[in-house]
Amino acid sequence: KILQFLECKLRLFGPNLLCQPTIQIHKHLSRDDRKALESGFFQLLPTRDVAGRAVLIAMPMCHPYGTVDNLMRAYFYIMMVAAQDVETQRKGMILIGCNMGPRRRVDPQVPWNVHKIRGLLPVPTMGIHYVYDDLRMMPMMTVGMIVMGASSRVRFRPHYGKSLDEVHNKLAGFGIPYQCLPVKDDGEPKLKAHKAWLKNRKQLEEKHNMNNNQNFVVVPGRVDVLLGRGKPIQEHFGNLRYHVLLDHYQHAYENAKKFEKMQIAQKIVDLVHAYNGRFLKQDGAGWLEVEETVARDKVSHAFRTRRGSTFSTAAPPAAAGATAVNSTSINNPDAATHSNSAELIGDEETRPPSPPKSSSGTGIKRRVDMEDNNNDQNNDYITFTNPTVQRQQSSVVSWASTQTNNSSAASTSTQDDSNINDNGV
């Protein structure tokens, strides 16, 4: 396989670049090769699927790419960049072909050359998906499955969909992130993120540091915590899981002393590392893992930022006999919850805390009294701020009163039925 890989590289780049460890854009790619790379036919997504595999998109709609050889050199370059990531080498890659919209086209030479090259690269292809919106392409899918062989046929899945949302739902069933395709609703490809990635990649290659830094990450892992701003970063799965941990320890952090706050921040860092997560900051076209002290400072800053927006600074209501936050609540917040000390988690993982209840335990009377005008019911039923729950509670009370008023009539009807039965009617 190594000899076949070298023969493929010799055919694409010639003998001068055969022993070159890395291919660079400006040094080793021609003008037509760079145009094929910038066309967006092949795009490496900045996210992974559920299994932690990188995702590569191939869009035939981006057809001004020159010759097929130019496109294959662009494909070879992107795959070798993805191979620099250790996690991608270990878990493999998913290849998605997207041919939708008014600019759809079919070039049989491209999938055939990709099929021959991908088996020689150091990154294994774990799955192949092809999405289309034209039923006339269905016979081509059948022919392709016959030609590609049994080993690739079991990994191939075609998906037909009339709309982009339908295709996204089908891909989500295979663990691929929803709305991952860089395609607009009208079928036009999105190239903004791809061009920004190429720009950062060129700057990184000029620094000559992608081989010297072993912590360089091309595509962040699924459970990694990305440091930065923006909607794509905040919606990353690792960041969402990280915010659940912050919710878990928020009240303990607010009630802790200075040294205990540092312990809680270190606990969050250790928990992220425990499930193989990393704290990454963006560096050009990739990511770098930060030091543990920097990660701990970022955790403390996240606690302070969330203090005024989501959580109040006051401690939640505690039952009688509740104790203050101590080292036990820092190391094991679940134990602190069971001991009624400050209610560290409770319902906080799924929703913000409810407003503080009154001392009599009647809840928020004003919202309920507006519906039933009966203060006595507040002593018998737990009230919530959700209007749907309040209406359900009012209907339960009305149903109970109706059953009480009709109980005498029901007993009379039962007696009459028994008399009729005794007479044999």
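Selection over the stretch 1-26 of residues that are open to solvent by less than 70 Å² (accessible area, probe 1.4 Å), in contact with a helix residue (DSSP H, G or I) (Cβ under 8 Å, 6 or more places away or on another chain) and more than 19 Å from His115 (Cβ to Cβ) gives a count of 8. When restricted to residues that are in contact (Cβ under 8 Å) with a residue 60 or more places away in the chain, acidic (Asp, Glu) and closer than 18 Å to Glu205 by Cβ, the stretch 11-52 contains 1. When Gly175 is tested against the conditions (1) closer than 25 Å to Phe5 by Cβ; (2) at pLDDT 85 or above; (3) not basic (Lys, Arg), the lone failure is (1).
A quick yes/no check of all residues on (1) surrounded by fewer than 19 Cβ atoms within 10 Å (Cβ to Cβ); (2) over 20 Å from Val217 (Cβ atoms):
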{"site": "Gln250", "(1), (2)": "no, yes"}
{"site": "Tyr253", "(1), (2)": "no, yes"}
{"site": "Lys258", "(1), (2)": "yes, yes"}
{"site": "Asp270", "(1), (2)": "yes, yes"}
{"site": "Asn276", "(1), (2)": "yes, no"}
{"site": "Lys281", "(1), (2)": "yes, no"}
{"site": "Glu289", "(1), (2)": "yes, no"}
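When the stretch 295-323 is limited to residues that are at pLDDT 85 or above and more than 13 Å from Leu226 (Cα to Cα), the one that is most open to solvent (accessible area, probe 1.4 Å) turns out to be Arg304. For Ala265, the test of being open to solvent by less than 10 Å² (accessible area, probe 1.4 Å) and over 28 Å from Lys202 (Cβ atoms) is passed.
Tell me, which helices (runs of 4 or more DSSP H) wholly within the stretch 145-262 include 1 or more residues that are free of Cβ contacts under 8 Å to residues at least 12 places away in the same chain and touching a Cys at 6+ places or on another chain (Cβ under 8 Å)?
none
For the stretch 104-134, a residue qualifies if it is open to solvent by less than 20 Å² (accessible area, probe 1.4 Å), in contact (Cβ under 8 Å) with a residue 40 or more places away in the chain and not aliphatic (A, V, I, L, M), and the qualifying residues are Gly127, His129.
Within the stretch 135-184, the set of residues being buried (at least 16 other Cβ atoms within 10 Å of the Cβ) and among the β-branched types (Val, Ile, Thr) comprises Val167, Ile176, Val183. Residues in the stretch 136-167 that are under 20 Å from Lys184 (Cα atoms) and of a type in the set (A, V, I, L, M): Leu164, Val167.
The values are calculated or read from the model by the stated rules, or taken from the named source; none is laboratory data. Note that this is a predicted model, so its numbers are computed, not measured. Here the Cβ is made from the backbone with ideal geometry for all residues, glycine too, and neighbour counts use every protein chain on show. Note: accessible area is taken over every heavy atom of the protein model, side chains too, but ligands, DNA and RNA are not part of it. Shrake-Rupley method; radii C 1.70, N 1.55, O 1.52, S 1.80 Å.
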